[in-house]
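I have a structure here, written as structure tokens, and I will follow up with some questions on it.
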Amino acid sequence: MTYDQLDALGIDHKWLAPLEETFAKYDLSNSLRQAAFIGQCQHESNNFKTLEENLHYSAHGLMATWPSRFPNADVANQFANNPEKIANKVYAGRMGNTEEGDGWAYHGRGLIQLTGRDNYSRCGQALGYALLTNPELLLQPKYAALSAGWFWNKGNLNPLADAKDYETMTKRINGGTLGLDDRKAKIAKALSVLG
């Protein structure tokens, strides 16, 4: 990858070394894999600019997103526009979060937002970094990219990139097909830039 390619994709130069390290570590060894990774990360991170989950929800947004946790306006209004309180409610008792405050401590961070104590622990062990005690490392390009590579590898996404099966890939990343057209467009552009 080159600076000119990053420029063509609208990605800041600070991502060159982290991407190259991630590509090498997780066998993103051809343009199909690299383009799929870049396109998916562009969608997930607002083109490599947003490395933290946006939990600024209105009461209406909370009820629409998590209707079982926010069944009415009275409940939702108690949490509205309070990201820490929201994270602690919606992620409590899930994804390995067992202690009070885990939801906020391990809310989504990185290019493909790592969420939950279990994911932080497993990713940290795999990368050799103390993500449980330093979760904010995922806000730095190196760790944001490597954690996305770890997630990519864990999801066995290289074969899907090789097969251009972006729908299945998106389901493994996002749990559904949210933003599929945008993801495909970003992957196609990355592929044209990478050659």
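The values are calculated or read from the model by the stated rules, or taken from the named source; none is laboratory data. Bear in mind the structure is a predicted one, so any value in this text is a computation, not a measurement. Reconstructed Cβ throughout: ideal geometry from the backbone, glycine too, with neighbour counts over all protein chains shown. Areas reflect the complete protein model, heavy atoms only, side chains present, ligands, DNA and RNA absent. Shrake-Rupley method; radii C 1.70, N 1.55, O 1.52, S 1.80 Å.
By how many degrees, between 0 and 90 and to the nearest 10, does the Cα long axis of helix 141-154 differ from the longest principal axis of the chain?
90 degrees
Averaged per residue, what accessible surface does the chain expose to a 1.4 Å probe, in Å²?
Numbers: 9140 Å² over 195 residues.
Accessible area per residue: 47 Å².
Which of the trypsin sites (Lys or Arg not before Pro) across segment 1-64 are loop residues per DSSP, with 12 or fewer other Cβ within 10 Å? Mind showing how you got there, number by number?
Values: sites: Lys14, Lys25, Arg33, Lys49; in loops: Lys49.
Qualifying residues, ordered by number: Lys49.
What number comes out for the charge environment of Leu127, summing +1 per Lys or Arg and -1 per Asp or Glu over other residues with Cβ under 14 Å away?
Details: positive: Lys25, Arg109, Arg122, Lys142, Lys154; negative: Glu21.
Net of charged neighbours comes to +4.
Kindly provide the helix-only [θ] at 222 nm of the chain, computed as the sum of -39,500 (n - 2.57) over DSSP H runs of four or more divided by all residues, to the nearest 500 deg cm²/dmol?
-16000 deg cm²/dmol
Mind checking which of Thr133, Thr168, Thr65 has the largest fluctuation in a GNM of the chain, springs on alpha carbons under 10 Å?
With Cα springs under 10 Å in the chain, the top fluctuation among Thr133, Thr168, Thr65 is at Thr65.
Counting Lys and Arg as +1 and Asp and Glu as -1, what is the net charge of the other residues whose Cβ lies under 15 Å from the Cβ of Gln78?
Details: positive: Arg69, Lys85, Lys89; negative: Asp74, Glu84.
Spelling it out: positives minus negatives among the neighbours equals +1.
Same structure again: Whole-Hz Karplus ³J(HN,Hα) for segment 99-106, in order, using 6.51 cos²θ - 1.76 cosθ + 1.60 and θ = phi - 60°, x for Gly and Pro?
9, 4, x, 4, x, 6, 4, 10
Still on this structure, please answer the following. For segment 9-153, report the % of Cα-Cα distances exceeding 18 Å. Provide the component values of the computation, followed by the final result.
On the way: 6075 of 10440 pairs.
More than 18 Å apart: 58 percent of the Cα pairs in segment 9-153.
Note the angle between two axes, namely the Cα long axis of helix 180-194 and the longest principal axis of the Cα atoms of the chain, as a number of degrees from 0 to 90, rounded to the nearest 10.
Orientation of helix 180-194: about 30 degrees from the principal axis.
Give the residue list of trypsin sites (Lys or Arg not before Pro) in segment 73-117 that are DSSP loop and have at most 13 other beta-carbon atoms within 10 angstrom. It would help to have the intermediate numbers written out before the result.
Values: sites: Lys85, Lys89, Arg94, Arg109, Arg117; in loops: Arg94.
Of the trypsin sites (Lys or Arg not before Pro), not one in the loops of segment 73-117 has a Cβ with at most 13 other Cβ atoms within 10 Å.
For helix 16-25, what angle does its Cα long axis make with the longest principal axis of the chain, in degrees from 0 to 90 and rounded to 10?
That helix lies at roughly 90 degrees to the long axis.
Of the accessible area of segment 85-182, with the probe set at 1.4 angstrom, what percent is carbon plus sulfur?
Values: 1930 of 4320 Å².
Carbon plus sulfur share of accessible area: 45 percent.
Ordered by residue, what ³J(HN,Hα) values in Hz, to whole numbers, does segment 52-65 give under the Karplus form 6.51 cos²θ - 1.76 cosθ + 1.60, where θ = phi - 60° and Gly and Pro are x?
9, 4, 8, 10, 8, 9, 6, 4, 4, x, 5, 5, 6, 7
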